[in-house]
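Engineer: Here it is, the structure in full.
The values are calculated or read from the model by the stated rules, or taken from the named source; none is laboratory data. Everything numeric here is computed off the predicted structure, so don't read it as measured data. Ideal geometry is used to build each Cβ from the backbone, glycine not excepted, and the neighbour counts take in all protein chains shown.
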Amino acid sequence: MDERLEAPLSRLDLWADEVVAGLDADEDIDRSLRRALRGGKPDLREENAARRADALRAAALGLNPAACAMAAGVSERLLLNWQRGDDAFAAAMTAAREMARTDDVARPADALNPAALRVLLSALRGGALHAPAAALVGMSGRALYRLRRESPEIAALVAAARRARPKKADRRRGAKCEQRYRLVRVEDGAVSPSGPAGHGPEGERPEAVRGGR
């Protein structure tokens with residue numbers, strides 16, 4: 001029997017594993033606090049408000065629309081629908097992007113900031129391939145390869161994100177870079193757990209919100 005022994009992880013690898021394992025720490029804390037306040041009952045209106053705040057933060061840090069959506073844990077289509085159906089939120093997103101330009105936090109195409117790196121690692125951990133994950137944060141695959149060569153820490157984080165991927169059987173259930181969502185129904189401006197098929201704002205089908213928070 002051919003037994004292959006894996007090399008022990010270095011101190012840098014262990015650090016990277018810890019960082020990747022903590023990517024969802026803020027979300028886990030928020031979820032626990034909401035449960036404490038609501039007695040374990042989900043409040044999807046509050047959840048959506050929190051996700052919109054995450055999208056605004058990502059926009060203010062210079063992330064593109066796709067990365068803002070992933071940072072918020074929703075699909076890019078849902079994020080766009082939110083902006084179409086809510087003038088205040090659309091104006092806030094525009095202001096956040098303008099703030100990023102004014103504060104000069106927008107990144108060149110071959111660089112990352114911490115917010116973009118978090119999205120990149122989350123995508124890789126979810127099963128995205130190298131080039132699509134790089135494109136999600138506005139980088140070319142070649143630029144990401146170069147960054148990994150130049151920075152042992154980035155290389156270690158990318159490797160850790162790949163180690164943290166779900167098993168192949170789990171990944172086959174969804175497309176690459178796709179997140180899991182649960183259906184919710186939007187009715188009279190409120191969001192409630194989905195029942196029979198309904199329509200949301202502007203005649204959309206039931207919206208999708210990623211499970212978790």
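Engineer: Return a yes/no flag: does the range 157-174 have any residue that is surrounded by 16 or more Cβ atoms within 10 Å (Cβ to Cβ) and modelled with pLDDT under 50.
Structural biologist: Checked the range 157-174: no residue is surrounded by 16 or more Cβ atoms within 10 Å (Cβ to Cβ) and modelled with pLDDT under 50.
Engineer: For the condition modelled with pLDDT under 95 and more than 22 Å from the chain's Cα centre (by Cα), what is the one hit in 178, 204? It would help to see each step written out before you state the result.
Structural biologist: Details: 178 fails: more than 22 Å from the chain's Cα centre (by Cα).
Testing whether each residue is modelled with pLDDT under 95 and more than 22 Å from the chain's Cα centre (by Cα) leaves just 204.
Engineer: Here is a follow-up. When you scan the range 63-82, do you find a residue that is in a helix (DSSP H, G or I), touching a residue at least 40 places away in the same chain (Cβ under 8 Å) and of a type in the set (Lys, Arg), even just one? Before you say what the answer is, go through the steps one by one.
Structural biologist: Of all residues in the range 63-82, those in a helix (DSSP H, G or I) come to 65-72, 76-82.
Subset that is touching a residue at least 40 places away in the same chain (Cβ under 8 Å): 66-67, 70-71, 78, 81.
Filter once more, so that each one left must be of a type in the set (Lys, Arg): none.
There is no residue in the range 63-82 that is in a helix (DSSP H, G or I), touching a residue at least 40 places away in the same chain (Cβ under 8 Å) and of a type in the set (Lys, Arg).
Engineer: Specify which of the listed residues (129, 136, 124, 117) is surrounded by fewer than 22 Cβ atoms within 10 Å (Cβ to Cβ), under 13 Å from the mean Cα position of the chain (by Cα) and under 30 Å from residue 9 (Cα atoms). Quick ask: steps written out before the conclusion?
Structural biologist: Numbers: 129 fails: under 13 Å from the mean Cα position of the chain (by Cα); 136 fails: surrounded by fewer than 22 Cβ atoms within 10 Å (Cβ to Cβ); 124 fails: surrounded by fewer than 22 Cβ atoms within 10 Å (Cβ to Cβ).
117 is the lone residue from the list that is surrounded by fewer than 22 Cβ atoms within 10 Å (Cβ to Cβ), under 13 Å from the mean Cα position of the chain (by Cα) and under 30 Å from residue 9 (Cα atoms).
Engineer: May I pose another question? With the requirement that a residue be within 16 Å of the chain's Cα centre (by Cα) and either in contact (Cβ under 8 Å) with a residue 60 or more places away in the chain or closer than 29 Å to residue 90 by Cα (or both), what does the range 10-28 give you?
Structural biologist: The first filter runs over the range 10-28 and keeps only residues within 16 Å of the chain's Cα centre (by Cα), leaving 19-28.
Listed by number, the residues that qualify are 19, 20, 21, 23, 24, 25, 26, 27, 28.
Engineer: Which pairs have Cβ atoms under 9 Å, sit 6 or more apart or on different chains, and link a residue in the range 90-105 that is touching a residue at least 24 places away in the same chain (Cβ under 8 Å) to one that is surrounded by 14 or more Cβ atoms within 10 Å (Cβ to Cβ) and of a type in the set (Phe, Trp, Tyr)?
Structural biologist: 93/82
Engineer: Same structure again: Which is crowded, with 21+ Cβ neighbours inside 10 Å and of a type outside the set (A, V, I, L, M, F, W, C), of 73, 85? Steps first, please.
Structural biologist: Working: 85 fails: crowded, with 21+ Cβ neighbours inside 10 Å.
Only one candidate passes the filter, namely 73.
Engineer: If the requirement is being more than 22 Å from residue 126 (Cβ to Cβ), in a helix (DSSP H, G or I), modelled with pLDDT under 95 and over 18 Å from the mean Cα position of the chain (by Cα), which of these qualifies: 49, 90, 36?
Structural biologist: 36 is the lone residue from the list that is more than 22 Å from residue 126 (Cβ to Cβ), in a helix (DSSP H, G or I), modelled with pLDDT under 95 and over 18 Å from the mean Cα position of the chain (by Cα).
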